[in-house]
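Nothing in this text is a laboratory measurement; each read-out follows from the coordinates by a stated rule. Keep in mind that this is a model prediction, so the values were computed, not measured. Here Cβ is always computed from backbone atoms with ideal geometry, including for glycine, and neighbour counts include all displayed protein chains.
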Amino acid sequence: TKNADAGLVYLNNFIYKQKLTFKEKIRVYGYRVFLKAKFLNNKEAALLDTDSMLLFLKNKNAKDYPFEFSYSYFSKGDVLFSLKKYGDAYTYFYKGKNIGTMYLDSCTLSEYNYRLAHVLFLQNKYDESKENFIAAYNLRQSCESYFGRYYGIQEILNNIGLCYTKTGKQDSALIYYQKALQFIDYLKTKYPEKIDLNNSARGVVYGNMGDIFFQQKQYDSANLFYNNSVQLTSKSKNEIEDALLTNLKIANLFLVENKFDSALIVLQKVQPKLDSKKYKKAELRWAKSMWQYYEKTQQISKAYPYLVQYQQLFEEESKLNKSINEIDISQQINYIENNETLSLLEKDKELSKTYLWSFIWIIIFVLIILLI
């Protein structure tokens with residue numbers, strides 16, 4: 001958080017002290033959005049910055065600035081998505097996609113497929129999600145090479161593995177997790193200065209591989225991969241929640257093996273790090289594990305409060321999941337396209353009125369000349 005605060009101060013000074021071009025403004029504000037939304041958890045402030053980005057687009061032509069337009073639309077959509085405003089978010093994702101379609105920009109289309117894949121994953125449509133992640137991966141191959149785009153490739157490979165895990169295709173999942181690790185090795189060589197980010201990415205993949213071994217009841221292997229994951233992700237400010245969730249997987253593993261003392265040690269270690277505002281998913285799993293621990297150790301009176309806490313958190317999460325499951329992508333596309341058609345018709349109507357009045361004034365002017 002300190003680094004993010006320092007980065008934000010630097011960007012603010014840069015904005016106020018430098019005379020920025022249009023392209024530079026879009027980039028700098030995009031970085032501000034990223035810092036505020038991802039690291040500072042100030043999504044409302046990030047949303048205001050995306051409004052500024054869209055304001056900069058006014059009187060600009062998308063044909064001349066396709067990247068700036070798509071980047072602004074995707075930034076707005078990302079923040080809306082993080083605020084659980086899924087329908088509004090998808091509208092901006094679709095606007096970004098249209099830029100890619102109109103100007104044959106494979107990188108923009110890759111960004112759209114990537115975001116659509118996330119929506120579908122949260123809707124438990126894992127096969128459709130996987131196909132969109134694969135499309136995003138293929139489209140990204142021809143993109144301009146810089147670290148951000150390269151780093152995203154390992155995440156996409158990991159996400160394809162997750163989709164296979166969710167559909168019970170464990171062998172295919174492991175293949176893609178291995179591909180993700182191989183790409184992280186490549187990144188380590190190409191960008192040695194980014195070692196912390198590469199290590200945290202490796203840690204996330206290890207945790208997902210641990211899930212496969214847990215499902216296969218290879219508990220020693222699962223424990224090994226979970227612990228390797230935590231060692232890497234706990235050092236990263238970007239993956240605090242992942243480290244918490246993996247620790248809870250370790251606690252669950254101990255509960256399954258009836259190693260109750262070991263499970264309690266892990267659960268007690270995790271508790272002080274929970275922040276319900278940031279880590280709802282971790283808090284939910286922690287409450288469930290505490291309930292199961294006391295139930296398994298025959299301490300029923302102590303189990304009950306955690307069961308109540310778990311049920312309350314589960315209901316909250318179910319409401320959030322319901323809102324994203326209510327999004328019908330086809331209907332959303334039809335709604336957006338119909339609105340755009342109506343908007344174009346209104347513009348044509350206004351233009352026709354303008355032409356009509358221009359024609360009338362020309363006729364009047366000609367008649368006046370003839371009468372003179």
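Would you work out the relative contact order for segment 129-285, in percent, from Cα pairs under 8 angstrom that are 6 or more residues apart?
Taking the mean separation of contacting Cα pairs over the length of segment 129-285, I get 14 percent.
Ranking Val266, Leu313, Trp286 by Cα position along the charge dipole of segment 260-326, where only Lys, Arg, Asp and Glu carry charges on their C-beta atoms, puts Val266 farthest toward the positive end.
Most tightly packed first, judged by the mean number of other beta-carbon atoms within 10 Å of their residues, the peptides 217-225, 312-320, 114-122, 43-51 read 114-122, 43-51, 217-225, 312-320.
Residues Met209, Met102, ranked from the fewest to the most other C-beta atoms within 10 Å, line up as Met102, Met209.
Relative to one another, the C-alpha centroids of segment 152-179 and segment 183-251 are positioned 14 Å apart. Taking a Cβ cut-off of under 13 Å around Phe314, the surrounding Lys, Arg, Asp and Glu residues balance to a net charge of +2, with basic ones at +1 and acidic ones at -1. In order along segment 48-59, the phi-based Karplus estimate (6.51 cos²θ - 1.76 cosθ + 1.60, θ = phi - 60°) of 3J(HN,Hα) comes to 5, 5, 5, 5, 5, 4, 5, 5, 4, 6, 4, 6 Hz; Gly and Pro are listed as x.
Over segment 107-216, what is the relative contact order in whole percent, taking alpha-carbon pairs under 8 Å and six or more residues apart?
Once normalised by length, the contact order is 21 percent.
Protection proxy ranking of 259-268, 160-169, 190-199, 73-82, by the mean of other Cβ atoms within 10 Å over each peptide's residues and highest first, is 73-82, 160-169, 259-268, 190-199. The ratio of the alpha-carbon radius of gyration of segment 260-326 to the globular-protein estimate 2.2 N^0.38 Å is 1.21. The local environment of Leu253, defined by Cβ-Cβ distances under 13 Å, has a net charge of +1 under the rule Lys, Arg +1 and Asp, Glu -1.
Using 0.36 nm per residue and subtracting the Cα-Cα separation, the extra length available between Ser82 and Lys322 on full extension is 84.9 nm. Fully extending the segment from Lys278 to Tyr335, taken as 0.36 nm per residue of separation minus the present Cα-Cα distance, adds 17.2 nm.
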